[in-house]
């Protein structure tokens with residue numbers, strides 16, 4: 001059985017990653033692998049008229065996607081320096097799978113989610129740990145632990161491995177706020193993928209502390225009235241007018257909105273809006289700090305660009321600190 005491909009939206013509505021459209025797949029690790037192309041580095045040169053040879057660039061190489069699936073053409077996807085370390089996506093998948101095995105986690109119980117650009121130059125791989133690692137923060141909506149690996153073959157994105165929580169009801173993600181459960185590597189020099197195992201083990205070890213932190217957030221009462229100055233100042237400054245407006249109305253009603261009034265002489269809490277859709281898992285009225293964290297996670301997930309989604313998720317903890 002093949003991995004399940006998410007329905008492809010209209011071209012102009014497709015999520016993107018640094019302006020490259022992406023496709024999502026879900027399945028087991030073996031099922032996901034078939035959607036990951038392979039790449040080679042080649043000399044950087046031009047084809048001259050009459051197939052004459054051109055002088056090679058002595059400082060740069062080209063990264064080429066090899067024939068893949070129904071497309072039997074080779075496609076150049078990037079130009080990199082000679083000291084660039086090409087890290088294949090399949091190598092990332094293999095190292096992540098091995099890390100799970102070393103932690104005693106059966107791959108049969110791991111669900112994989114792949115986000116990959118059309119030419120395959122960037123990949124985000126999420127591996128969801130088995131049910132025994134899930135946690136119900138007290139609202140009846142479980143959160144799953146996941147290992148995320150992000151990689152590029154063209155040097156556009158640093159390799160990253162990080163642990164986080166994923167709220168199943170609304171596909172919201174929160175990054176574990178522990179430094180040692182997050183690594184970043186440039187694709188140069190002695191590049192070592194095997195720190196992924198340490199990220200996984202550290203994340204699992206810290207999970208109990210994270211659960212206690214979520215429980216603390218659940219017990220920290222936050223009224224909508226208390227949110228107003230934070231939304232008007234901190235959130236507006238950090239994420240902009242529109243996101244601040246949406247956060248305010250989700251906190252008030254549990255539903256997302258779009259702005260339909262004029263910005264002039266208004267604020268995020270006073271501008272006219274139109275309700276669009278209920279936010280899955282959101283209460284009708286925000287009551288605690290955990291609810292706020294999920295509002296922010298929802299807004300981060302709704303960003304169309306994969307890079308922005310990650311950047312916004314990373315800012316959630318700091319934004320909450322300014323409120324707590």
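Read-outs: derived from the displayed coordinates by stated rules, not from any lab. Every value quoted in this text rests on a predicted model; they were computed, and no experiment measured them. With ideal geometry, Cβ positions are generated from the backbone for all residues, glycine too; neighbour counts draw on all protein chains shown.
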- Item | Whole-number D in µm²/s for segment 219-321 (Stokes-Einstein; Kirkwood sum over Cα pairs; 25 °C, 0.890 mPa s) | 180 µm²/s
- Provide, for q = 0.15 Å⁻¹, the log10 of I(q)/I(0) from a solvent-free Debye sum over equal Cα point scatterers in segment 267-324. -0.54
- Task: Could you estimate the translational diffusion coefficient of segment 23-149 from the Stokes-Einstein equation, with Rh from the Kirkwood formula over C-alpha pairs, at 25 °C and 0.890 mPa s, in whole µm²/s?
- Result: 143 µm²/s
- Message: Just to confirm my numbers, what's the Cα centroid distance between segment 288-324 and segment 186-239 in Å?
- Response: 9 Å
- Query: Which angle between 0 and 90 degrees, to the nearest 10, do you get for helix 196-219 versus the longest principal axis of the chain when only C-alpha atoms count?
  - Reply: 10 degrees
- Message: At q = 0.24, 0.31 Å⁻¹, what log₁₀ I(q)/I(0) does segment 137-178 have when each alpha carbon counts as one equal point scatterer in the Debye sum?
- Response: -0.82, -1.03
- FRET efficiency estimate (nearest 0.05) - Cβ-Cβ, residue 31 to residue 211, R0 30 angstrom: 0.45
- Item | Inter-part distance where segment 27-64 and segment 124-171 are each reduced to a Cα centre, Å | 31 Å
- Could you state the angle between the C-alpha long axis of helix 89-102 and the longest principal axis of the C-alpha atoms of the chain, as a value from 0 to 90 degrees rounded to the nearest 10? 60 degrees
- Message: Run the numbers for residue 168 and residue 73: contour at 0.36 nm per residue of separation, minus the present Cα-Cα distance, in nm.
- Response: 30.3 nm
- Calculate how large, on average over all directions, the projected area of the Cα convex hull of the chain is; give the answer in nm² to one decimal. 19.8 nm²
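How much length, in nm to one decimal, is gained on full extension between residue 221 and residue 262, taken as 0.36 nm per residue of separation minus their Cα-Cα distance? It would help to have the intermediate numbers written out before the result.
Numbers: separation 41, 0.36 × 41 = 14.76 nm, distance 3.29 nm.
Result for the pair: 11.5 nm of gain on full extension.
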- How much mean residue ellipticity at 222 nm does the chain get from its helices, if each DSSP H run of length 4 or more adds -39500 (n - 2.57) and you divide by all residues, to the nearest 500 deg cm²/dmol? -9000 deg cm²/dmol
- Note on the structure: Between the Cα axis of helix 289-301 and the main Cα principal axis of the chain, the angle (0 to 90°, nearest 10) is 40 degrees
